[in-house]
1. Scan the range 76-95 residue by residue and report those that are among the acidic types (Asp, Glu) and under 11 Å from the mean Cα position of the chain (by Cα).
2. If the Cβ limit is 6 Å and pairs must be 6+ apart or interchain, which residue in the range 51-78 that is closer than 19 Å to residue 109 by Cα pairs with which residue that is of a type in the set (D, E, K, R) and modelled with pLDDT of 90 or more?
3. Can you work out which of the residues in the range 204-213 that are surrounded by fewer than 21 Cβ atoms within 10 Å (Cβ to Cβ) and among the small types (Gly, Ala, Ser) is farthest from residue 20 (Cα to Cα)?
4. Report every pair of residues separated by at least 6 positions or lying on different chains whose Cβ atoms are under 6 Å apart, first residue within the range 96-120 and more than 19 Å from residue 51 (Cβ to Cβ) and assigned to a strand (DSSP E or B), second aromatic (Phe, Trp, Tyr) and within 15 Å of the ligand (Cβ to nearest atom).
5. Go through the range 167-213 residue by residue and tally those that are over 23 Å from residue 241 (Cβ atoms), basic (Lys, Arg) and in a strand (DSSP E or B).
6. Taking the range 51-84, which residues are of a type in the set (Gly, Ala, Ser), within 20 Å of residue 142 (Cβ to Cβ) and within 12 Å of the ligand (Cβ to nearest atom)?
7. Identify the residue in the range 99-132 that is closer than 19 Å to residue 78 by Cα and among the charged types (D, E, K, R) and, among all such residues, is surrounded by the fewest Cβ atoms within 10 Å (Cβ to Cβ).
8. Which of the residues spanning the range 136-162 are more than 20 Å from residue 109 (Cβ to Cβ) and not in a strand (DSSP E or B)?
Amino acid sequence: MSKTTDTTIRETLPSEGEAVVEKVRERYAGIAETSSSCCGNSCSSTATEPGEAAGRIGYSTDQLESVPAEANLGLGCGAPIDLLALEPGETVLDLGSGPGLDAFLAAQRVGDEGRVIGVDMTPEMIGRARQGARDAGFSQVEFRQGRLEDLPVEDGSIDAVTSNCVINLVPDKARVFAETARVLKPGGRLVISDIVLDGPLPAAVGNDLLAYVGCVAGAQQRDDYFAAVSAAGLTEIEMLMDSDAVKLLGGEIPGDLLDMLERAGVSADELRGKVRSVTYRAVKPAAA
Ligand SMILES: C[S@@+](CC[C@H](N)C(=O)[O-])C[C@H]1O[C@@H](n2cnc3c(N)ncnc32)[C@H](O)[C@@H]1O
């Protein structure tokens, strides 16, 4: 950790994966406890309100008004649910469900006969999501505290998996994809929004904790990321959306990340075009 001004500390990334996970948990616990993500150090929070941030990444006003207000903290980097083609009665799993926005939208699609499970490691996020489910009467939605690398979900029990801006935060991404393949039914599908990189980051950014929890430094190079998806046995990978993450946020670098870049002496232009917000589909092959 190095002190750069009297008031601003830049923290470097811990070297151990589990220590990184603990930092991520601490940061998202803090975000869950705020009433709004405005200006926080999260994936898509900028100086704008969560509603505006969510509108930019693909949610409609009707969708945002149909879920509990506390479910949208502006933490996503895409809008995967519309692309998941959910049917009434299906069972959906949301990886890193946070305050529950996508889980609640999925619940509307699968109806009372369906089921939605959100998994998140941060107790404060789980508490916030459960409160939203109670307030809005989403009885078919359940939030389970747990890790994406060791999902508290039965083998072959899920029709459709989604996730929004989470896997970039997990040091062991291969394990998350293996777990996803384990819990999907044969023939099951996923639509995931996430951040990948097209090119190396400046070292000062790649080693910065704030850039990590802000969904930049933990992102993997595109080819490595999708090689890990394939290695888990997931097939028919199809890119549905692929945008410059900075442009997607209206040209704004999220929250304190901009200050971090300034402190590190890195121009924001060095990130433009390299940090990509992607939404992709893949399937678990049906049993032979
Ligand atoms: C950027 S937020 C996204 C939340 C939600 N998907 C949304 O769009 O509002 C990331 C979430 O992933 C959770 N998370 C990060 N790493 C995780 C892990 N290894 N296992 C379980 N949850 C994790 C965090 O607690 C946080 O709630």
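The values are calculated or read from the model by the stated rules, or taken from the named source; none is laboratory data. Because the structure is predicted, anything quoted here is derived from the model rather than measured. Glycine also receives a Cβ, built like all others from the backbone with ideal geometry; neighbour counts cover every protein chain displayed.
1. 94
2. 68/135
3. Looking at residues that are surrounded by fewer than 21 Cβ atoms within 10 Å (Cβ to Cβ) and among the small types (Gly, Ala, Ser), I get 204.
4. Close Cβ pairs satisfying both conditions: 118/143.
5. Adding up the residues that qualify gives 1.
6. Listed by number, the list holds a single entry, 71.
7. This residue is 109.
8. 146, 148, 149, 151, 152, 154, 155, 156 - these are the residues of the range 136-162 that are more than 20 Å from residue 109 (Cβ to Cβ) and not in a strand (DSSP E or B).
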